[in-house]
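I have placed the structure first, in the form of structure tokens, so that the comments after it can refer back to it.
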């Protein structure tokens, strides 16, 4: 049983993440500066892959994806954490591991959970692939004394400006690759489903 395509995607996303992290020394093992709590799960996933046991790989990949989902949820609930790169990174990594989990589930014959997992992966990857920054950027400050209003009190120092950056997420290419992998994996189980019987007249 080969999971090379999914693992290649995993490596490519890791490479993107590492390119955005400051490297101070050669890493001795996996690291993740954006979602550090995922590291033990990545180690367990690597160990599961070495067994070549699809059920173990599916469980380890799912556990890793769930950890990235928690990191994304934490980031989204934090006021000072931007969607790009943090949330988009976490969603891309979650989708990546869900593709691996979905393919492994299909390999065990669990088509129902495999298809559901792959569809979730595809949606997450599609969200990142289609993400665009807001067209308006908001800046605010609560510094008093820089300006005064008409009545002599502090003026509202909040400003808005048009955001010209329409390049999308830095993880867009990886997300598209993951989405394509999910689509490719979904072809077999969907093709195997029996055609719907025609309705009686």
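The values are calculated or read from the model by the stated rules, or taken from the named source; none is laboratory data. These figures come from a predicted structure and were not determined experimentally. Glycine gets a Cβ as well: all are built from the backbone with ideal geometry, and neighbour counts include every protein chain shown.
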Q: Restrict the check to the stretch 44-64 and report whether at least one residue is closer than 23 Å to residue 170 by Cα and at pLDDT 95 or above.
A: yes
Q. Which condition does residue 109 not pass, out of (1) surrounded by fewer than 19 Cβ atoms within 10 Å (Cβ to Cβ); (2) within 14 Å of the chain's Cα centre (by Cα), if it passes all the others?
A. (2)
Q: Can you tell me which residue among 140, 78 is at pLDDT below 55 and on the phi < 0 side of the Ramachandran plot?
A: 140
